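Chemist: Structure in structure tokens, see below.
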Amino acid sequence: MFFRAPLIAPVAAVIHRLDTTATQAINPPGAPTTGYDPDFREPYPYEQGTAWLDTRVYMTAIRVPCQFEPKPYYEQARHVELGNALLTGVNIVLHRKTLADLGLLDSNQTSLLKKYDKITALEKPGSPGTVIKQFAEPLYVIEVRPGSWGMGGTGYDLEILFCENRPALPAV
């Protein structure tokens with residue numbers, strides 16, 4: 001017998017997954033000749049004139065029940081001290097059963113949510129379009145990590161998305 005870790009006060013995150021195949025198919029001017037680096041697993045921005053253009057292509061938005069957790073002040077202060085000041089630090093907790101139900105786990109039961117996916121809003125669960133929080137700048141996933149070790153039949157029930165709203169492209 002095992003215990004399932006529940007979400008507390010869930011909301012629905014509007015998540016746009018990065019489409020790596022479509023992003024890789026983009027051929028920006030000059031080098032590189034692809035919009036996605038498979039070695040570093042990240043999109044290439046490119047410069048056109050005086051502006052940086054983004055090669056990222058996103059899939060249709062999905063709504064995933066989650067628990068929204070702003071980072072505590074002391075954690076943000078620690079990042080400033082280390083030279084990695086986040087503009088906004090947020091953790092989003094997802095339940096693996098929900099991910100499985102939505103088809104967001106692969107055959108190895110690994111989350112299909114990855115770095116560079118973006119979150120544009122939080123909505124009332126079960127009411128698509130009823131926005132609780134619209135982000136002026138999207139939150140970008142910077143890391144996906146399993147959570148709640150020892151809970152559930154697989155050893156953990158939760159996935160944690162670490163997000164920030166850093167600009168999508170380097171400053172010119």
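The values are calculated or read from the model by the stated rules, or taken from the named source; none is laboratory data. Because the structure is predicted, anything quoted here is derived from the model rather than measured. Positions of Cβ are backbone-derived with ideal geometry, glycine not excepted, and every protein chain shown enters the neighbour counts.
Chemist: Which pairs turn up if I take residues in the stretch 7-20 that are part of a loop (DSSP other than H, G, I, E, B) and look for partners that are β-branched (Val, Ile, Thr) with beta carbon separation below 8 Å, at least 6 apart in sequence or on another chain?
Modeler: What qualifies is LEU7/VAL93; ARG17/ILE62; ASP19/VAL57.
Chemist: Sticking with this one: What is the residue count in the stretch 95-137 for residues that are touching a Pro at 6+ places or on another chain (Cβ under 7 Å) and either free of Cβ contacts under 8 Å to residues at least 12 places away in the same chain or exposed (fewer than 13 other Cβ atoms within 10 Å of the Cβ) (or both)?
Modeler: Selection size over the stretch 95-137: 0.
Chemist: For the stretch 16-35, how many residues are within 24 Å of LEU102 (Cβ to Cβ), hydroxyl-bearing (Ser, Thr, Tyr) and either under 17 Å from the mean Cα position of the chain (by Cα) or modelled with pLDDT under 80 (or both)?
Modeler: 2
Chemist: Yes or no: the stretch 48-64 includes at least one residue that is at pLDDT 75 or above, over 14 Å from the mean Cα position of the chain (by Cα) and not in a loop (DSSP other than H, G, I, E, B).
Modeler: Checked against the condition, which is being at pLDDT 75 or above, over 14 Å from the mean Cα position of the chain (by Cα) and not in a loop (DSSP other than H, G, I, E, B), the stretch 48-64 yields no hits at all.
Chemist: May I pose another question? Go through (1) at pLDDT 85 or above; (2) not in a loop (DSSP other than H, G, I, E, B) for HIS79 and report which single condition fails.
Modeler: Looking at each condition in turn, HIS79 falls short on (1).
Chemist: Based on this model, can you work out whether LEU86 counts as at pLDDT below 90, buried (at least 17 other Cβ atoms within 10 Å of the Cβ), hydrophobic (A, V, I, L, M, F, W, C) and over 27 Å from ASP54 (Cα atoms)?
Modeler: For LEU86, the condition - at pLDDT below 90, buried (at least 17 other Cβ atoms within 10 Å of the Cβ), hydrophobic (A, V, I, L, M, F, W, C) and over 27 Å from ASP54 (Cα atoms) - is not met.
Chemist: If you check every pair at least six apart or on different chains, which have Cβ atoms under 6 Å apart with a residue in the stretch 30-41 that is within 15 Å of TYR116 (Cα to Cα) first and a residue that is at pLDDT below 75 and assigned to a strand (DSSP E or B) second?
Modeler: Sorted first by the residue in the stretch 30-41, then by its partner, the list stays empty.
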